[in-house]
1. Got a sec? Which of R82, R128, R134 is loosely packed, with under 13 Cβ neighbours inside 10 Å and either basic (K, R) or outside the structural domain of R172 (by TED's automatic domain parsing) (or both)?
2. Kindly indicate which of F77, F63 is modelled with pLDDT of 90 or more and touching a helix residue (DSSP H, G or I) at 6+ places or on another chain (Cβ under 8 Å).
3. Criterion first (of a type outside the set (K, R), closer than 30 Å to E122 by Cβ and in the same structural domain as K135 (by TED's automatic domain parsing)) does E6 satisfy it?
4. Does the stretch 134-143 contain at least one residue that is more than 29 Å from A22 (Cα to Cα), at pLDDT 85 or above and within 14 Å of the chain's Cα centre (by Cα)?
5. Residues of the stretch 84-110 being in contact (Cβ under 8 Å) with a residue 60 or more places away in the chain and not polar (S, T, N, Q), which ones?
6. Would you check which residues across the stretch 60-104 are touching a Pro at 6+ places or on another chain (Cβ under 8 Å) and among the hydrophobic types (A, V, I, L, M, F, W, C) and list them?
Amino acid sequence: MNTSYEQHVEYPSRGRMAWFAAGSALFVGAGLFLMFDPSEDAGSSMISRVIGLLSILFFGLCFVYYLVKMIKKEPSFVINERGFIDSSSYTSGGEVSWEDVEHIFMYEFMGQQMIGVKLKDEQAFLERQSGMKRKLMTASTNMVDATISIPQNSITLPLDQLCLMMINHWQRVQDIEQVDPSRPGEIAKD
């Protein structure tokens, strides 16, 4: 006997992505202003140009990321019977099996609510990530005790509801494995 699961799919809010893209564009403009403002004195001119360049690079990448997220019709988060697929941010976790999850919880970081997912084999997961993404995820893991952090900004469902949904799916898989540990993800047949 198999248990039927509901699949839940989240798409990014186009309105929210548009606001983030507009905010990023404003910071790119501010960076351009800092780089090319002739009224600066010679001492602070170099500092302003460096800050301007960093602003243009960082917020330019953010602008492109939000534009792509707004235009593409890809889900930002999917929950199914095997696990979840996270593509809610640049440092998203990708596909994660429920069997790999150790703990799911809500936390707040710098005033923003997040869902934290702690994995059983955190190091193996981080080693599968690419260069810069791995470094950002490692830094995040060192700040909070979560291997994967899911922010609200590209999820339309309130995070507390999404967290409860994730916990329910995860616990269901754990209950099934306790019935028949040799067959993860299935209920034992009588």
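The values are calculated or read from the model by the stated rules, or taken from the named source; none is laboratory data. A quick note: this is a predicted structure, and the numbers were derived from the prediction, not measured. Quick reminder, even Gly has a Cβ in these numbers, built from the backbone with ideal geometry, and neighbours come from all protein chains shown.
1. Values: R82 fails: loosely packed, with under 13 Cβ neighbours inside 10 Å; R134 fails: loosely packed, with under 13 Cβ neighbours inside 10 Å.
Result: R128 is the single residue among R82, R128, R134 that is loosely packed, with under 13 Cβ neighbours inside 10 Å and either basic (K, R) or outside the structural domain of R172 (by TED's automatic domain parsing) (or both).
2. Numbers: F77 fails: modelled with pLDDT of 90 or more.
Being modelled with pLDDT of 90 or more and touching a helix residue (DSSP H, G or I) at 6+ places or on another chain (Cβ under 8 Å) holds for just one of F77, F63, which is F63.
3. On the way: of a type outside the set (K, R): yes; closer than 30 Å to E122 by Cβ: yes; in the same structural domain as K135 (by TED's automatic domain parsing): no.
No; evaluated as a whole, the condition is false for this residue.
4. no
5. First, the residues of the stretch 84-110 that are in contact (Cβ under 8 Å) with a residue 60 or more places away in the chain: 84, 86, 88-89, 98-99, 101, 104.
Matches in the stretch 84-110: F84, D86, W98, E99, V101, I104.
6. Applying the first criterion (touching a Pro at 6+ places or on another chain (Cβ under 8 Å)) to the stretch 60-104 yields 69-70, 76, 85, 87-89, 99.
Selection gives M70, I85.
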